[in-house]
Number of protein chains: 2
Amino acid sequence: MAHEAAISEISALIGNRLATSKADKDQHGQNETYYPVTPPDAVAYPETTEEIAAIVRICNRHKCPIVAYGAASSLEGQHLATEGGISLDLNRMNQVLAVNAEDLNVVVQPGITRKGLNEELRATGLFFSVDPGADASIGGMTATRASGTTAVRYGTMRENVLALEAVMADGSIIRTGSQARKSSTGYDLTHLLVGSEGTLGIITEITLRLHGIPESISAATCRFPSVEDAVNCVILTIQSGLPMARIELLDEMMVKGFKAYSKADLPEVPHLFLEFHGSPSTVAEQTEAFGEIAREFGAEGWETASSTEERNALWAMRHNSHYASAALGEGGHIWPTDVCVPISQLAEAVLQAQQDAVRLGLTSTIVGHVGDGNFHAGLSVDPNNPEEMARAEHFTKALAETALRLGGTISGEHGIGLGKQGMMEAEHGTALPFMRAIKTAFDPNNILNPGKMLPPEIANAEANAA
Amino acid sequence: MAHEAAISEISALIGNRLATSKADKDQHGQNETYYPVTPPDAVAYPETTEEIAAIVRICNRHKCPIVAYGAASSLEGQHLATEGGISLDLNRMNQVLAVNAEDLNVVVQPGITRKGLNEELRATGLFFSVDPGADASIGGMTATRASGTTAVRYGTMRENVLALEAVMADGSIIRTGSQARKSSTGYDLTHLLVGSEGTLGIITEITLRLHGIPESISAATCRFPSVEDAVNCVILTIQSGLPMARIELLDEMMVKGFKAYSKADLPEVPHLFLEFHGSPSTVAEQTEAFGEIAREFGAEGWETASSTEERNALWAMRHNSHYASAALGEGGHIWPTDVCVPISQLAEAVLQAQQDAVRLGLTSTIVGHVGDGNFHAGLSVDPNNPEEMARAEHFTKALAETALRLGGTISGEHGIGLGKQGMMEAEHGTALPFMRAIKTAFDPNNILNPGKMLPPEIANAEANAA
């Protein structure tokens, strides 16, 4: 067995909470997209930060990889132990540690999910806003710098994480940030850990900003003659400064997927799904202002979802876009993509993506948090069809190049993980060595989620020797 | 002359834009607070990023310190060349490079000031929101993670910097972030550089978020029976989720200072200065909602400043608080302090600060961006009175301890610089070695603003040898 010494020491530490059964390992090797099942050598179920620190110290001594595991909903394989070692399952650390309602924040353990957290907050009149489609764990959302439908109004994890506790590669436990809303003291380690995909430290506690549940919430849908009209409506809405709570694009293929998967009763044309938050009068003002803009771009079929049940059904349908996209293809797997561009470039990026999909003969939906300039082309693929997989890879590269050409980024919210390392150099260029320098300084033995995010260095030494 | 070799090479590079006259050096050794004049060995006036890269490469080769210099308005001596070397004056790099109005951002050089930038934006209907009291340079505001009166609504530099270009210690030029509103690709070097006080890189270009000028703006002042009442009004306002654009506390001493310095016609009791942004109807809604809360806490004397001129006069007075505080004392210098606490702890922190000032016999104003939980006690000091300076230091330490005890931070917006290094360990503890590791990895020769922010390491080796 690989990493036997480390596994045996961890077993001595936490007893039967270190599992090596095939079932445990296989479960922790699954993923939501197209990566093959990749089991770790063992699964550890820690219950405290101190236990995690002790486990990480053991791993560091034995140079044994360790990968945090939450809801396994990441879309670029971030939670897979591709170099073996320990899958650190944080689901037993799923408590709300403190609800500081008067300071509009909450302190949680990493294993709690966003829906679980909002259940716990129900009586407070406050909510946690970030909502990727999946019921992801807060630890995973922090590590991936997740966002979702409400980021346009309330920000992503970048804006909603106030403070962290983390276990570093040497086993030290650090705290970053504070309960204060701002600070100018030292390097911003909070933001360095947010989005680091488990490669710099294991996040063990998160302080999150909360928001008051708006007095009035109204959701709506409307349809457009073309994707271009829908996107231009979004651009003008954002440029007008309308504080949209949600503004989501679905192209005709995505609507087709919803009809197949969620039995949605929608015409197969591009739609926007919308939500307005505020006082009754401001919601009315916003709705009217949006309606005026939408009519300029030929919007029709305005449907309001005012009751909580109708709204929940609408967003549940939207959040199932991953599975609805899969329902369209033969292969049953989704190759997700995820670019974000300046809002002014959104129409060009979306239209280019649609054309590329047609050109490459791929079945693709377009769905997106378009108020942020962020959208996904969801490609239906069969991982057993290498020729189709090659076309999907080609599409992804072309889409990334489009995003960079238009001043954007190769990932708005899914992160890099395994799938996008090949494009890190194109996006970051001369900044990449400074990312590597941080990784080396923080984790000299490369035990924390090795093989993720940072592309392998071109082996200059070998090249020179050859 | 110290660092002669480096200075001579830089002189060969940029000719008479390398100055060594006493006048140049003395000017660059000035500061707004109590630090002694600290001239550099030479002043360089670069005009391009490439020139800065060449200068930094020379400095790195000769281990010559280099300190960025903008408006010199920093309050903790961040711009002083305390270890000699080069003061890098960025005032010739003060251009707006691109106004991307449709994407609500602007790209600027570091030497432009916030007022200069807003002048340039005047025709666009957009504004840059962050406003520390001084007309600081954008480069300096980025490096110090500055905020100010509008942060409660629009965020600090942390939320308003989208992307950067920077020259690193090895002379490489990196770009961080993009024009997209969000990204999940790699370590967040943008936020690492924001607030790094020139110790990790020289910021040479900044992409800033812009906001639409609100349709309606209304400012107001009101007075309270006590500081406690005023603060409790703020706490309830923030907890109610009212989107205040500005909410500033002034205690009775601060009002006295304004009367002395700005000939303000205000009764000498605690005040709040307020601003509301939105549509005419939302501003009316917010004003009414705030008024109801304020009356609960005994607010009186509501005065509205609706015209642009009245509003400008009000905020100009507020922004002169530094000089107004100085006007109260004999010494003419201000020892600034700057803590930030969770909003629920604000009353306790402010009252403790007032008591400490009385106990230590110090003349102190209290003024603050209280919607963020951030406030300043401005101590009038005479730098030639060592006994008074010792009491000021004692006060500052006690205030920092109060902030940390209440879950806050030792600096909300001024930063660490020279003045607060002694409290970094108390705030960051086990995280401090990771900050040092970043500094060492990025700047192994310690040329970038050496002696700032990170406290000197206790010389273990020496201690062991002794």
What's the number of the condition A:S183 fails, among (1) away from chain B (no Cβ under 13 Å); (2) closer than 25 Å to B:L404 by Cβ; (3) of a type outside the set (F, W, Y)?
-> (1)
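Specify the residue that is surrounded by the fewest Cβ atoms within 10 Å (Cβ to Cβ); the eligible residues are those in region B:159-173 that are more than 7 Å from every other protein chain (Cβ to nearest Cβ) and not aliphatic (A, V, I, L, M).
B:D170
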Specify which of the listed residues (A:A143, A:A98, A:A123) is within 11 Å of another protein chain (Cβ to nearest Cβ) and without any contact (Cβ under 8 Å) to a residue 40 or more places away in the chain.
-> A:A98
Of these, A:K397, A:K439, A:K420, which one is out of contact with any Lys or Arg (no Cβ under 7 Å at 6 or more places or on another chain) and crowded, with 24+ Cβ neighbours inside 10 Å?
-> A:K420
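Does region B:12-29 contain at least one residue that is of a type in the set (G, A, S) and at positive phi? Walk me through it before giving the result.
Initial filter on region B:12-29 (of a type in the set (G, A, S)): B:12, B:15, B:19, B:21, B:23, B:29.
With at positive phi added as a condition, the list becomes B:15.
Scanning region B:12-29, I find at least one residue that is of a type in the set (G, A, S) and at positive phi, so the answer is yes.
Determine, yes or no, whether B:I247 is outside any loop (DSSP other than H, G, I, E, B) and assigned by TED's automatic domain parsing to the domain that holds B:G278.
So B:I247 passes the test.
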Identify all residues within region B:424-459 that are free of Cβ contacts under 8 Å to residues at least 60 places away in the same chain, within 13 Å of another protein chain (Cβ to nearest Cβ) and hydrophobic (A, V, I, L, M, F, W, C); write none if there are none.
-> B:M424, B:A426, B:A431, B:L432, B:F434, B:M435, B:A437, B:A441
Counted residues, region B:109-149 - those being hydroxyl-bearing (S, T, Y) and not in a helix (DSSP H, G or I) | 5
Which condition number does B:E197 fail, the rest of (1) facing chain A (nearest Cβ under 8 Å); (2) part of a loop (DSSP other than H, G, I, E, B) being met?
-> (1)
Report yes if B:F273 is in contact with a helix residue (DSSP H, G or I) (Cβ under 8 Å, 6 or more places away or on another chain), assigned to a strand (DSSP E or B) and either away from every other protein chain (no Cβ under 14 Å) or on the phi > 0 side of the Ramachandran plot (or both), otherwise no.
-> yes
Starting from region B:259-280, keep only residues that are among the basic types (K, R), then list their pairs with residues that are surrounded by 15 or more Cβ atoms within 10 Å (Cβ to Cβ) whose Cβ atoms are within a distance under 7 Å, requiring at least 6 positions of separation or different chains.
-> B:K259/B:L266
Assuming B:E268 fulfils every condition listed in (1) within 13 Å of B:A220 (Cα to Cα); (2) part of a loop (DSSP other than H, G, I, E, B) apart from one, which condition is it?
-> (1)
Test: A:P280 is within 14 Å of another protein chain (Cβ to nearest Cβ), within 23 Å of A:F395 (Cα to Cα), in contact with a strand residue (DSSP E or B) (Cβ under 7 Å, 6 or more places away or on another chain) and of a type outside the set (D, E) | no
Inside region A:350-375, the number of residues satisfying the requirement of being in contact (Cβ under 8 Å) with a residue 40 or more places away in the chain, buried (at least 24 other Cβ atoms within 10 Å of the Cβ) and not in a strand (DSSP E or B) is 5
Pick from B:A324, B:A294, B:A305, B:A299: which is closer than 11 Å to B:F258 by Cα and either buried (at least 17 other Cβ atoms within 10 Å of the Cβ) or modelled with pLDDT under 90 (or both)?
-> B:A324
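Scan region B:48-64 and tell me whether some residue there is within 26 Å of B:D170 (Cβ to Cβ), of a type outside the set (A, V, I, L, M, F, W, C) and buried (at least 24 other Cβ atoms within 10 Å of the Cβ).
The answer is no, given that none of the residues of region B:48-64 is within 26 Å of B:D170 (Cβ to Cβ), of a type outside the set (A, V, I, L, M, F, W, C) and buried (at least 24 other Cβ atoms within 10 Å of the Cβ).
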Can B:V67 be described as buried (at least 18 other Cβ atoms within 10 Å of the Cβ), out of contact with any helix residue (DSSP H, G or I) (no Cβ under 7 Å at 6 or more places or on another chain) and assigned by TED's automatic domain parsing to the domain that holds B:I138?
-> no
Does region B:335-347 contain any residue that is more than 17 Å from B:G408 (Cα to Cα) and assigned to a strand (DSSP E or B)?
-> yes
Considering only residues that are within 16 Å of B:R209 (Cβ to Cβ) and free of Cβ contacts under 8 Å to residues at least 40 places away in the same chain, look in region B:101-116 and name the one that is nearest to the other protein chains (Cβ to nearest Cβ).
-> B:E102
Residue that is in the same structural domain as A:A400 (by TED's automatic domain parsing), under 17 Å from A:T33 (Cβ atoms), among the hydrophobic types (A, V, I, L, M, F, W, C) and over 18 Å from the mean Cα position of the chain (by Cα), where the choices are A:A327, A:A353, A:A347, A:A377 = A:A327
Hey, B:T190 within 13 Å of another protein chain (Cβ to nearest Cβ), surrounded by 20 or more Cβ atoms within 10 Å (Cβ to Cβ) and out of contact with any Asp or Glu (no Cβ under 8 Å at 6 or more places or on another chain) or not | yes
Given (1) surrounded by 24 or more Cβ atoms within 10 Å (Cβ to Cβ); (2) in contact (Cβ under 8 Å) with a residue 12 or more places away in the chain; (3) touching a strand residue (DSSP E or B) at 6+ places or on another chain (Cβ under 6 Å), number of the condition A:V231 does not satisfy = (3)
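To keep it simple, each residue is scored yes or no on (1) in the same structural domain as B:T33 (by TED's automatic domain parsing); (2) more than 24 Å from B:W335 (Cβ to Cβ); (3) part of a loop (DSSP other than H, G, I, E, B); (4) among the aliphatic types (A, V, I, L, M).
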position	(1), (2), (3), (4)
B:E387	no, no, no, no
B:F395	no, no, no, no
B:L418	no, no, yes, yes
B:H428	no, no, no, no
B:K439	no, yes, no, no
B:K452	no, no, yes, no
B:P456	no, no, yes, no
Within region B:146-153, is even one residue modelled with pLDDT of 95 or more, within 9 Å of chain A (Cβ to nearest Cβ) and surrounded by fewer than 24 Cβ atoms within 10 Å (Cβ to Cβ)?
-> no
Looking at (1) within 30 Å of A:D103 (Cα to Cα); (2) part of a strand (DSSP E or B); (3) facing another protein chain (nearest Cβ under 7 Å), which is the one condition that is false for B:T176?
-> (1)
Of the residues that sit in region A:247-269 and are surrounded by 24 or more Cβ atoms within 10 Å (Cβ to Cβ) and not aliphatic (A, V, I, L, M), which one is nearest to the other protein chains (Cβ to nearest Cβ)?
-> A:E248
Go through region A:208-241 and give me each residue that's within 10 Å of chain B (Cβ to nearest Cβ) and either under 21 Å from A:N118 (Cα atoms) or within 26 Å of the chain's Cα centre (by Cα) (or both).
-> A:H211, A:G212, A:I213, A:P214, A:E215, A:I235, A:I238, A:Q239, A:G241
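The values are calculated or read from the model by the stated rules, or taken from the named source; none is laboratory data. Being a predicted model, the structure only gives us computed values, none of them experimental. Cβ sites come from the backbone with ideal geometry, for glycine too, and all protein chains shown count toward neighbours.
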